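Shown next, in structure tokens, is the structure this report addresses.
Every number here is computed from the coordinates shown, using simple stated rules; none is lab data. Not measured: the values here are computed from a predicted model. Please note: Cβ atoms are built from the backbone with ideal geometry, for glycine as well, and neighbour counts cover all protein chains shown.
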Amino acid sequence: MANDLVLNAGRARPQATLPALLSAVLRDPWFVLLLALVALGVGWAVTGTTPAAVQALWHWSPALLRGLGVNIQISVLAMALGTIAGLVVGALSLSPSRVLRRLTRAYVLLFRNAPILVLVYFTTYVFPFELNLGGWNLPFPDWIKVVIGLGLPASANVAEIFRGAIQSIPSAQWEAAQSLAFRRTQIFRMIVLPQCVRRMLPSWMNLYASITMSTSLASLVGVHDLVDTATVASNTVARSDFTILVYFTLLALFFAYCYPIARWTRYLERRHEHH
């Protein structure tokens with residue numbers, strides 16, 4: 001009977017949280033603003049009074065969305081590269097070897113405190129434009145160099161996040177697991193790592209949002225991203241009202257992508273505090 005009560009409670013919980021979720025969304029001022037903009041667009045379409053700048057923006061919207069896709073692609077790959085490298089560096093920073101600890105500390109200090117724009121220019125002009133592999137000349141695109149340039153500071157930050165998460169695990173848990181004859185790899189995989197993932201996730205998501213916003217620098221080294229597309233559109237249409245509108249749209253697109261990440265991060269932080 002107790003099991004039935006637990007199952008019924010588990011089934012009833014999603015029904016109780018759905019109205020609360022809808023209420024929270026409707027109370028969100030940004031969601032209300034989005035509804036207002038949609039209603040305004042529908043009104044213009046019905047009455048046939050759409051401003052010329054808005055019509056031009058609608059014409060350029062597919063290109064702007066493709067540009068945003070480039071930024072998202074760069075951010076995802078840079079964060080993946082930074083996460084893999086950061087986990088390795090973070091693990092080495094906890095090594096018993098003093099030399100490894102000093103080397104990883106120098107790596108973290110260098111790339112955490114270097115301006116991202118400088119790193120983007122550094123990777124763009126230090127790496128060759130073509131790679132000669134076995135007599136084949138393979139192009140080395142600028143967007144890959146930007147991925148590396150953004151992945152370097154991401155890896156340094158992930159290393160610090162990972163190191164802090166490992167050190168936040170109470171030593172009593174290690175001792176208790178060792179007393180139960182767990183091997184070190186088992187302790188790490190079964191006890192430490194799951195807790196580290198929960199503790200790292202909010203900071204990791206904040207870092208990803210920051211890296212995503214930093215992808216706007218890619219246009220400075222010739223990558224045809226959202227910012228570059230907006231600049232081309234502004235120069236092509238050559239209307240001051242359209243220029244203002246297209247850059248407001250650029251801000252809105254970045255905000256629309258990063259804002260849910262920020263909200264989800266806050267939710268995870270509150271959930272972690274309760275646990």
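Below, the figures for the structure above:
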read-out	value
Dipole moment magnitude, nearest 20 debye, the chain about Cα centre, only Lys, Arg, Asp, Glu C-beta charged	1040
Using alpha carbons only: equivalent-ellipsoid semi-axes of the range 26-73, gyration tensor based, whole Å	23, 20, 6
Mean separation of Cα contacts under 8 Å (6+ apart) over length of the chain, as relative contact order %	25
For peptides 129-140, 69-80, sequence by mean Cβ density within 10 Å, most packed first	69-80, 129-140
